[in-house]
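Report on one structure; see the data block that follows.
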Number of protein chains: 2
Amino acid sequence: MPTTGKQLFTTLESDGTLTVEIASREFPEPTGNQVLVKMEAAPINPSDLAILTGAADFENATYSPGKVVAKMPEPFNSGQKARHGQRLPAGNEGAGTVVATGDSDMAKALMGQRVACVPGNAYSEYAIADAAMCLPLGDHSAEDGASSFVNPMTALGFAENAKMDGQKAILHTVGASNLGQMLVKICQEDGLGLVNIVRKPDQAELLKGLGATHVVDSSDADFMAKLKAAIDETDAFYGFDPIGGGTMVDTCFKAMEQVAVSKMTEYSRYGSNQQKRMFIYGRLDFGPTTLTPSYGFGWTLSGWLLTPFLATAGMETVMRMRKRVLDNLTTTFASSYKTKVDLEGMLTKDAILDYRQMKTGEKYLVLPNG
Amino acid sequence: MPTTGKQLFTTLESDGTLTVEIASREFPEPTGNQVLVKMEAAPINPSDLAILTGAADFENATYSPGKVVAKMPEPFNSGQKARHGQRLPAGNEGAGTVVATGDSDMAKALMGQRVACVPGNAYSEYAIADAAMCLPLGDHSAEDGASSFVNPMTALGFAENAKMDGQKAILHTVGASNLGQMLVKICQEDGLGLVNIVRKPDQAELLKGLGATHVVDSSDADFMAKLKAAIDETDAFYGFDPIGGGTMVDTCFKAMEQVAVSKMTEYSRYGSNQQKRMFIYGRLDFGPTTLTPSYGFGWTLSGWLLTPFLATAGMETVMRMRKRVLDNLTTTFASSYKTKVDLEGMLTKDAILDYRQMKTGEKYLVLPNG
């Protein structure tokens, strides 16, 4: 007998109409290595918002219980042509209890257990998940485990990637985010240098309270001088940025290059030989990224996504990372939430206009079964 | 007895005053592996212009025989803080006759020979060069050999780098340049696919006359559709761009991604898994590079310079590349010049305003000894 339950769907039509709604659906019996999870908690991460709200106009949207219809402006509508007309699920990760399993031993071993999972439709009463990606939570609550994948594995991924690339320090442009706070602790544990950029004095205080040594406030008048000093002290020529749009990446490259040039004995029209590396791993700012010709040719900028990184890192590394998350779920990898909502509560005007701002420390937790 | 001769010097003061002048200097006796070359011909490449003219205002400069004083605007003046007050030579490459050598066997073997060299002060009656970087030209003229390093080795470097990275095709955004024409022939010889972007119909004809199969004209109304078709046919997800500023790199990433997405069976909010790679190897446009969030996270953009690439490739590869250049100096690697000037002729208003435009097919050749 298939299980019936409510799930969130997001549909963008070719005319730019975005419909996000809660609707009933049937969930199939899990087969093979699949498990059926009754979802108890799922966070709204920035990476979920791309498909959930995107750049649509929710100020002037039409709201009804469990449904919102908004307009997606250009060029964002055309840019998502590939999803036009498709009724898509949302919610990368969450936690819940396994209520049915496929035939595999790995799946069957999870029956009745509370697990964290990465189903892609976590905003749902039920979800089919891959047993290999489930993390048994033991006595931890669903709330403790709901955010155990995206942020923890991404923050750990930065440290792993830096070490693979022979780096001794990392620069992070949004230091006070939930992920940024995890990164502070990870770098301390792993002996990696870390330069944190924050936007406000209270965020700087927060990070210093966690033991961060290099915190630079972009609202300070001497931000650039302090950023250069921090890079000079740590050798952080390797940074991660979740903003994407605007000039933050450019600012980091400039600071890195100026530190490198200050150590050169002879002028070169081509800039320093110091390799400068930045990764964009999110799009808090949908605007274009601007790169100025002011740091020579020794730089590389890439997009960074967790899934391809994990594929590159290999299963053994992934398993080691997941175990580290589970072992430190309520300490290094703890997440905090501003508020909790049910599925319908996700789609009120107040909620959407609030969580889509992705303010530091104001994450929402969805409780799909109330 | 030291040799005396004229040389071009370029000096940027902290107040933005750029002075480019011809002045007499003494050249030391070559020692060790050095040779003293009486320079006969040196090209003005785009890579020379960065230090020679930069973004300075030569419309309103003060001209006198063998000297020009111009103003460097912001932010370009501050951006070159490291060279403020330094009296720098210019001219990456050229050809001439070895008139004195150091003690090493390699240096002594070059005595009296015509060589191509990379002295960094090629706009000069004499230059000290490293014998290991000299290419004996045999019966070739200095004009034939003057441009045998920068463009040939860069074009070959693209092909070498692509093969190292497992690529089967290259995209080049300025297909009709001198370097671009070399790349057409290299890719034919090496069996690499090549997508050429040009700006005008006559440039497209030129390249097709060389046997290029994929030539896309950015002035065509259906440029984007044709670019995508060419990428689709060649799998050119790996491109080189000498423009730097503006949206060309963005356009290439968009076209690459749209080709990749068209082959996906399922929508992904993160874009395709196709890795897209672009390199900026010049700055024909000093403006900022603009990257839009429209091709997911599977992309990497880097600066590319010849010298670090050669260091990575290793001496054996460099020697193989140089031999290939010499063997094909008047065919695959032939350069053509719009006009020839002497050292003083470089610094007239007409000349500077002309060559700084870096127009395709309008390269200047300097004859330092007239």
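The values are calculated or read from the model by the stated rules, or taken from the named source; none is laboratory data. This one's a predicted model, so the numbers in the text were calculated from it and none came from an experiment. Because the Cβ atoms are built from the backbone with ideal geometry, glycine has one as well, and the counts that use them run over all protein chains shown. Heavy atoms of the whole protein, side chains included, go into the accessibility calculation; ligands, DNA and RNA do not. Shrake-Rupley method; radii C 1.70, N 1.55, O 1.52, S 1.80 Å.
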Here the qualifying pairs (Cβ atoms under 8 Å; residues six or more apart or on different chains; first in the stretch B:20-32 and under 11 Å from B:TYR126 (Cβ atoms); second of a type in the set (A, V, I, L, M)) come out as B:PHE27/B:LEU36; B:PHE27/B:ALA127; B:PHE27/B:ILE128; B:PRO28/B:ILE128; B:PRO30/B:LEU36; B:PRO30/B:ALA100; B:PRO30/B:ALA107; B:PRO30/B:ILE128
Considering only the stretch A:155-203, how many residues are open to solvent by 10 Å² or more (accessible area, probe 1.4 Å) and more than 15 Å from the chain's Cα centre (by Cα)? 21
Applying the selection to the stretch B:296-314, what residues are in contact with a strand residue (DSSP E or B) (Cβ under 8 Å, 6 or more places away or on another chain) and either of a type in the set (A, V, I, L, M) or open to solvent by 40 Å² or more (accessible area, probe 1.4 Å) (or both)? B:LEU301
Checked the stretch A:148-176 for anything farther than 15 Å from A:TYR238 by Cα and touching an Asp or Glu at 6+ places or on another chain (Cβ under 7 Å); matches are A:PHE149, A:VAL150
Could you check the stretch B:58-84 and list, in sequence order, the residues that are open to solvent by 60 Å² or more (accessible area, probe 1.4 Å) and either modelled with pLDDT of 95 or more or over 24 Å from the mean Cα position of the chain (by Cα) (or both)? B:GLU59, B:ASN60, B:THR62, B:TYR63, B:PRO65, B:LYS67, B:LYS71, B:GLU74, B:SER78
Residue, least open to solvent (accessible area, probe 1.4 Å), within the stretch A:11-47, restricted to residues that are at pLDDT below 95 and within 19 Å of A:LEU353 (Cβ to Cβ): A:ASN45
Out of all the residues in the stretch A:177-200, is one or more closer than 18 Å to A:TYR238 by Cα and among the hydroxyl-bearing types (Ser, Thr, Tyr)? no
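Residue-wise test of (1) open to solvent by less than 30 Å² (accessible area, probe 1.4 Å); (2) touching a Ser or Thr at 6+ places or on another chain (Cβ under 8 Å); (3) not charged (D, E, K, R).
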{"site": "A:ARG87", "(1), (2), (3)": "no, yes, no"}
{"site": "A:ALA90", "(1), (2), (3)": "yes, yes, yes"}
{"site": "A:GLY96", "(1), (2), (3)": "yes, no, yes"}
{"site": "A:ASP105", "(1), (2), (3)": "no, no, no"}
{"site": "A:LYS108", "(1), (2), (3)": "no, yes, no"}
{"site": "A:GLN113", "(1), (2), (3)": "no, yes, yes"}
{"site": "A:CYS117", "(1), (2), (3)": "yes, no, yes"}
{"site": "A:TYR126", "(1), (2), (3)": "no, yes, yes"}
{"site": "A:MET153", "(1), (2), (3)": "yes, no, yes"}
Checking the conditions here, which among B:SER141, B:SER148 is of a type in the set (Ser, Thr, Tyr) and crowded, with 24+ Cβ neighbours inside 10 Å? B:SER148
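So which of B:SER64, B:SER124 is free of Cβ contacts under 8 Å to residues at least 24 places away in the same chain and out of contact with any helix residue (DSSP H, G or I) (no Cβ under 8 Å at 6 or more places or on another chain)? Steps first, answer last, please.
Numbers: B:SER124 fails: free of Cβ contacts under 8 Å to residues at least 24 places away in the same chain.
None of the other options fit; the residue is B:SER64.
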Quick one: which strands (runs of 3 or more DSSP E) lie wholly within the stretch B:264-325 and hold at least 3 residues that are at the interface with chain A (Cβ under 7 Å from one of its Cβ atoms)? B:285-291, B:299-303
Would you tally the residues in the stretch A:220-247 being within 24 Å of the chain's Cα centre (by Cα) and either open to solvent by 30 Å² or more (accessible area, probe 1.4 Å) or among the small types (Gly, Ala, Ser) (or both)? 7
Every residue in the stretch A:204-217 that is over 16 Å from A:GLN258 (Cβ atoms), in contact with a helix residue (DSSP H, G or I) (Cβ under 9 Å, 6 or more places away or on another chain) and surrounded by 14 or more Cβ atoms within 10 Å (Cβ to Cβ), please. A:LEU206, A:LEU207, A:LEU210, A:ALA212, A:THR213, A:HIS214, A:VAL215, A:ASP217
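Scan the stretch B:357-368 residue by residue and report those that are surrounded by 15 or more Cβ atoms within 10 Å (Cβ to Cβ) and at pLDDT below 95.
Initially, the stretch B:357-368 is screened for residues surrounded by 15 or more Cβ atoms within 10 Å (Cβ to Cβ), giving B:358, B:360, B:363-368.
Passing the criteria: B:MET358, B:THR360, B:LYS363.
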Could you check, for the stretch B:93-101, whether at least one of its residues is over 21 Å from the mean Cα position of the chain (by Cα), hydrophobic (A, V, I, L, M, F, W, C) and within 26 Å of B:LEU12 (Cβ to Cβ)? no
Can you tell me which of (1) more than 14 Å from chain A (Cβ to nearest Cβ); (2) under 24 Å from B:LEU183 (Cβ atoms) is the one B:GLU257 doesn't meet? (1)
Determine, yes or no, whether A:ALA260 is among the hydrophobic types (A, V, I, L, M, F, W, C), open to solvent by less than 40 Å² (accessible area, probe 1.4 Å) and under 30 Å from A:SER47 (Cα atoms). no
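Do the conditions hold for B:THR53, that is, is it within 27 Å of the chain's Cα centre (by Cα) and of a type outside the set (A, V, I, L, M)? If you could, list the steps in order and put the result at the bottom.
Numbers: within 27 Å of the chain's Cα centre (by Cα): yes; of a type outside the set (A, V, I, L, M): yes.
For B:THR53, the condition - within 27 Å of the chain's Cα centre (by Cα) and of a type outside the set (A, V, I, L, M) - is met.
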Could you say which residue among A:THR289, A:THR330, A:THR348, A:THR317 is loosely packed, with under 15 Cβ neighbours inside 10 Å and either over 18 Å from the mean Cα position of the chain (by Cα) or in contact (Cβ under 8 Å) with a residue 60 or more places away in the chain (or both)? A:THR330
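Specify which of the listed residues (A:GLY271, A:GLY246) is modelled with pLDDT under 95 and on the phi > 0 side of the Ramachandran plot. Can you show your working first?
Values: A:GLY246 fails: modelled with pLDDT under 95.
Residue meeting the stated conditions: A:GLY271.
Taking the stretch B:346-370, which residues are over 16 Å from B:MET39 (Cα atoms) and assigned to a helix (DSSP H, G or I)? Steps first, answer last, please.
Initially, the stretch B:346-370 is screened for residues over 16 Å from B:MET39 (Cα atoms), giving B:347-363.
Selection gives B:LEU347, B:LYS349, B:ASP350, B:ALA351, B:ILE352, B:LEU353, B:ASP354, B:TYR355.
Out of all the residues in the stretch B:248-300, which are among the aliphatic types (A, V, I, L, M) and over 20 Å from B:LEU194 (Cβ atoms)?
Keep residues of the stretch B:248-300 that are among the aliphatic types (A, V, I, L, M), which gives B:248-249, B:255-256, B:259-261, B:264, B:278, B:280, B:284, B:291.
B:VAL261, B:MET264, B:LEU291 - these are the residues of the stretch B:248-300 that are among the aliphatic types (A, V, I, L, M) and over 20 Å from B:LEU194 (Cβ atoms).
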